[in-house]
Amino acid sequence: MSTEGGTKAVLAALAANIGVAIAKFVAWAVTGSSSMLTEGIHSVADSANQVLLLIGKKRSERERDAEHPFGYGRLRYVYAFLVAIVLFLVGGVFSLYEGWHKIQHPEELNDPIVAFVVLGVAIVLEGLSLRTAFREANRSRGRRSVFGFVRHTRNPELPVILLEDTGAVIGLAFATFGVTMATITGNGRWDGVGAAAVGVLLIIIALFLAAEVSSLLTGEGALPEQVVAITHALSDTDGVDRVIHMRTLHLGPDDLLVAAKIAVTATDRADEVAAIIDRAERSVRAALTSLDCVVYLEPDIYDPARAPESPEGGEGGPASSEA
């Protein structure tokens, strides 16, 4: 679900941004508007970002090998981080520079009607792309708010597209304001103000995105509800007395490492313990069918004196979502 939904949202955004970028550059060539130029650069940066996301997804699908025994799933996080850098440098910093330059050296707009037409078309196309991203996010976010989904999802593509498209729509509103004020007042500085506002917006989005993706790169565990599901799956397995402690780690958006110490009875034979572990592994995978789980289980005899105080899951302490 996350992979398919993310790809659909990326392709929709890419198609919209390519068309919008061409229209914006034509409008800039006709009007000389800095807002249109920065918006055009913004759309080019967004298009490049979507290409990066698609490349990252494709490269992450390579088979595991000796050098990367857990696969290449985290490449999707690497490319999402590159997107944040491109959005910051190409989109935000350039827009700020162009806006400041236009404020310092204002120029009168030529044929602003063209700019308004292009801005209207761009708002429609970006709005359709944003709607697609929201639809795909709604299939995956469950009961979380959209902001909560962006903060906590392990899928990098959908949050990137949601933030980019939201920023694009708001940025177009800023550009429309700048062009409108420049047309009404005859003062080209307003056009620069609109461009600078777009730059500030893009930098804020890029910084937020970089912070979220860097957390994924560092290594995040399963979501709290997934931790509960894993704990129940292990505890309910025939032959497992309890979960002593557990750690989880996302190896990629759709790959989860589960390492747990489970309590078995002291009188169990080796073949019985092996059968218990096999059943427990199957239970974990059945509880998280949307993820490719790598499961490592260590059998042990439960001793309250040796139980950890704050395990991720299990009866030795409160559950936590941190690996």
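Every number here is computed from the coordinates shown, using simple stated rules; none is lab data. All values derive from a computational prediction rather than experimental measurement. Neighbour counts are summed over all protein chains in view; Cβ atoms, including those assigned to glycine, are modelled from backbone coordinates with ideal geometry.
Things to note:
- Residues His42, His68, sorted so that the one with the fewest Cβ neighbours within 10 Å comes first: His68, His42
- Subtracting the Cα-Cα distance of Asp300 and Asp268 from their residue separation scaled by 0.36 nm leaves 10.4 nm.
- Choice from Gly171, Gly71, Gly92 with maximal GNM fluctuation in the chain (Cα, 10 Å cutoff): Gly71
- Helices in the chain, meaning DSSP H runs of at least 4 residues, each add -39500 (n - 2.57). Divided by all residues, the mean residue ellipticity at 222 nm is -22000 deg cm²/dmol.
- In region 2-218, taking the dipole from charged Cβ atoms about the Cα centre, the farthest positive-side position among Leu209, Leu96, His42 is held by Leu209.
- Most mobile of Leu11, Leu288, Leu202 in a GNM of the chain (Cα contacts under 10 Å): Leu288
- Under the convention that each Lys and Arg Cβ holds +1 and each Asp and Glu Cβ holds -1, the size of the dipole of region 194-298 around its Cα centre is about 240 debye.
- Local net charge near Asp46, Cβ-Cβ under 13 Å (Lys/Arg +1, Asp/Glu -1): -3
- Checking the Cα-Cα distances for Lys24/Lys102; Lys24/Lys57; Lys8/Lys57 against a 22 Å cut-off, the pairs over it are Lys24/Lys57.
- Rounded tilt (10° steps) of 34-60 against the dominant C-alpha axis of the chain: 20
- Only Cα pairs under 8 Å and 6+ residues apart enter the sum, and on that basis the relative contact order of region 224-306 stands at 35 percent.
- Annotation: the residues His250, His101, sorted from fewest to most other C-beta atoms within 10 Å of their own C-beta, follow the order His101, His250.
- Computed 3J(HN,Hα) for region 238-255, one whole-Hz value per residue from the Karplus formula 6.51 cos²θ - 1.76 cosθ + 1.60 where θ = phi - 60°, is 4, x, 9, 6, 5, 9, 6, 7, 8, 9, 10, 8, 6, 7, x, x, 10, 10, glycine and proline marked x.
- Footprinting exposure proxy for His152, His105 (fewest neighbouring C-beta atoms within 10 Å first): His105, His152
- Fully extending the segment from Arg59 to Ile85, taken as 0.36 nm per residue of separation minus the present Cα-Cα distance, adds 7.4 nm.
- Put a plus charge on the Cβ of each Lys and Arg, a minus charge on the Cβ of each Asp and Glu, and nothing anywhere else: the dipole of the chain about its Cα centre is then about 740 debye.
- Paramagnetic reach from Ala211 in region 131-151 [backbone N under 17 Å; point 7 Å along Cα→Cβ]: 147-151
- Net charge of Cβ neighbours under 12 Å - reference Ala122; Lys, Arg +1; Asp, Glu -1: -3
- The stretch between Arg144 and Asp278 holds 44.9 nm of extra length on full extension. This uses 0.36 nm per residue minus the Cα-Cα distance.
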